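Notes follow the structure.
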Amino acid sequence: MTAGVITIDGPGGAGKGTVSLAVAHQLGWGYLDSGALYRVLGLSAVRKQIAFENEAAVAAEAARLGVSFGADDPNLGVRVLLDGEEVTQEIRTEQAGKTASQVAALPAVRTALLQRQRDFEQPPGVVADGRDMGTTVFPHAGLKIFLTASAEERAKRRYKQLIKKGDDANIRALQQEIEARDRMDSERSASPLKAADDAITLDTTLMSIDDVVSTVLAMAAERGLSAE
């Protein structure tokens, strides 16, 4: 059986993770949270005091990274484990996001993680969420979505998430961090954040999650990508 592939790329806070996981569940397909790989790598490098300037050392850590995904948690999404230790909450912080962008900018790191990401392509299919899923990792994907939203809207969404968890947050600071991360991801030399030439751009600023999921599922059905 051939595996189907749907890629959902876009900047942080556009809703990629929530939408991708919902679409994967609806289709009965696998799910790849590529951002989690970079977040876990950043965490592992920090714990082992590996300097991000030492690209070879960070890439070597990426090659041996003991990351795995567990069963879904209703509040946290897919559980993420580093060498058997659950780090799901630890890698979802704003600092973890900044660290992920730093290690993701290293070409040798992206090369080291490329095959690991491609190994997620298993029948009946995979929904891959990230920054370069449609451009680099799965250029042959049957459906490529580039999910976006205004920086202001993405900051509001993140603010609500943090407040709901009982964390302190400043919406203006969040927007500035989002804009800075967008620049870092878009300007890096290795697989910069951009829509694939054959991707469909979907602006979610004024859309609910349910509407976005329904839209993506309808597009998938049009292309013959449906639940087995």
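The values are calculated or read from the model by the stated rules, or taken from the named source; none is laboratory data. Since we're looking at a predicted model, the values are computed, not measured. Cβ coordinates were reconstructed from backbone atoms using ideal geometry, including for glycine residues, and neighbour counts include every protein chain displayed.
Is there a residue being of a type in the set (D, E, K, R), part of a helix (DSSP H, G or I), modelled with pLDDT under 90 and under 29 Å from residue 171 (Cβ atoms) anywhere in the stretch 74-96?
Initially, the stretch 74-96 is screened for residues of a type in the set (D, E, K, R), giving 79, 83, 85-86, 90, 92, 94.
Narrowing the set further to residues that are part of a helix (DSSP H, G or I) leaves 90, 92, 94.
Filter again for modelled with pLDDT under 90, leaving 92, 94.
From what's left, under 29 Å from residue 171 (Cβ atoms): 92, 94.
The answer is yes; a qualifying residue exists.
Just to be sure I understand, how many residues within the stretch 160-180 are more than 19 Å from the chain's Cα centre (by Cα), at negative phi and not acidic (Asp, Glu)?
10
Here's a check for you: in the stretch 100-129, which residue that is touching a strand residue (DSSP E or B) at 6+ places or on another chain (Cβ under 6 Å) and small (Gly, Ala, Ser) is surrounded by the fewest Cβ atoms within 10 Å (Cβ to Cβ)?
Filtering the stretch 100-129 for residues that are touching a strand residue (DSSP E or B) at 6+ places or on another chain (Cβ under 6 Å) and small (Gly, Ala, Ser), the one surrounded by the fewest Cβ atoms within 10 Å (Cβ to Cβ) comes out as 125.
Looking at the stretch 143-151, can you tell me whether even one residue there is out of contact with any Lys or Arg (no Cβ under 6 Å at 6 or more places or on another chain), assigned to a helix (DSSP H, G or I) and either aliphatic (A, V, I, L, M) or surrounded by 15 or more Cβ atoms within 10 Å (Cβ to Cβ) (or both)?
yes
Taking the condition of a type outside the set (Gly, Ala, Ser) and modelled with pLDDT under 90, does residue 69 pass?
Taking the combined requirement at face value, the residue satisfies it.
Can you work out which of the residues in the stretch 175-228 that are at pLDDT 90 or above, within 14 Å of residue 11 (Cα to Cα) and among the basic types (Lys, Arg) is surrounded by the most Cβ atoms within 10 Å (Cβ to Cβ)?
So, considering only residues that are at pLDDT 90 or above, within 14 Å of residue 11 (Cα to Cα) and among the basic types (Lys, Arg), the one surrounded by the most Cβ atoms within 10 Å (Cβ to Cβ) is 194.
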